[in-house]
Amino acid sequence: MLYFLQQLLNGLHMGAIYALLAFGYAVINGVLHRTNLAHGALFGFAGQIMILAAVFGWQVLWLTLPATLLLGTVVAFGYGALVSLILARNVFQPLADRSPNTIVAATLGVSLVLMEMVRIAADTRDFWLPPLLSEPVVFASENGFRLTLTVLQVINCIAATLLLAAASRAMAKSRFGREWRAVGDDPLAAAFCGVDTKKVFRHAVVLGGLAASVAGILAALYYGNISFGSGLIFGLKILFVTAVGGYLSPARAALGGAAFGIAESLWSGYFPIEWRDGWMLAFLVALLVLRPERAQPDRIGALR
């Protein structure tokens, strides 16, 4: 029983990262209404920038470990915000006005550019952070088997939960949340009611990108390294998770991401791990095919 609970706890940590990714994806897709293949790449980009900035702070600036981690986090968050703003203003918004269906191909190109940028910056080398806060927190013990999480896993879970709770409440109660729902439902009608649809569009893309950046930073702190192509597989998973959970509800998408993380952990604990990604993606595809879904009207052109 404790072994099963251990897999659940492991899944909670991975699920927290997936939840942040899914929340951000749903916020962007609520106004974009197109597949965004750059979302996972931004996750990997932020994680690798965090590691590169931390390595620079440690090897060049001779900072202490807490200071170099703080430097890496700030730099990664800043780059994530900058890339999100560039995407909103120079990629998504112009294409939404002129050729909405080109967005899918454009985001694939953006993801390749982001992966290549960090690969070139790292000179195609892998840099690793040291193990951080790896002391176990014991929740239960029986017959020598201990139910544990590391201190960093607990901190990551708490941080992700607080961020998602605050963001969900803001989306439900704030003016931006109301305008986001209006623009997502019908941007032309929202514009007639005085809503600045382009401003809401940009803010949604930046907010979603920041959620992906936070997820990348948390993953980099825990794993110590993020490979150049890891963002692609994370983005593909979140694409299917959000499609199953619903594109227009960030909170529900986050719950779906958390459930997916737990399911992945359970598979890793009881079945061959090399088949995990293939079977989990096949399961998501089956759910997507079997799930009844009403057709959503194409309203992105109303942003022009």
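The values are calculated or read from the model by the stated rules, or taken from the named source; none is laboratory data. These figures come from a predicted structure and were not determined experimentally. No Cβ is skipped: glycine too gets one built from the backbone with ideal geometry, and neighbour counts run over all protein chains shown.
Some notes on this structure:
- Residue tally, condition more than 12 Å from Leu8 (Cβ to Cβ) and within 14 Å of the chain's Cα centre (by Cα), over region 253-271: 6
- Among the candidates Ala54, Ala81, Ala67, residue that is among the aliphatic types (A, V, I, L, M), buried (at least 24 other Cβ atoms within 10 Å of the Cβ) and either out of contact with any helix residue (DSSP H, G or I) (no Cβ under 6 Å at 6 or more places or on another chain) or at negative phi (or both): Ala54
- All positions within region 268-283 that are under 14 Å from Gln6 (Cβ atoms) and not hydroxyl-bearing (Ser, Thr, Tyr): Gly269
- None of Leu236, Leu210 is assigned to a helix (DSSP H, G or I), more than 25 Å from Leu8 (Cβ to Cβ) and at pLDDT 80 or above except Leu210.
- Yes/no for Thr148 being surrounded by 15 or more Cβ atoms within 10 Å (Cβ to Cβ), touching a strand residue (DSSP E or B) at 6+ places or on another chain (Cβ under 7 Å) and over 24 Å from Ala76 (Cβ atoms): yes
- Members of region 241-252 found to be outside any loop (DSSP other than H, G, I, E, B) and modelled with pLDDT under 80, listed by number: Ala243, Val244, Gly245
- In region 80-98, the residues that are within 16 Å of Leu210 (Cα to Cα) form Cβ pairs under 7 Å with partners that are surrounded by fewer than 23 Cβ atoms within 10 Å (Cβ to Cβ) and among the basic types (Lys, Arg), at six or more places apart or across chains, as follows: Ala88/Arg202; Arg89/Arg202.
- Single residue of Val60, Val27, Val31 found to be among the β-branched types (Val, Ile, Thr) and over 22 Å from Ala167 (Cβ atoms): Val60
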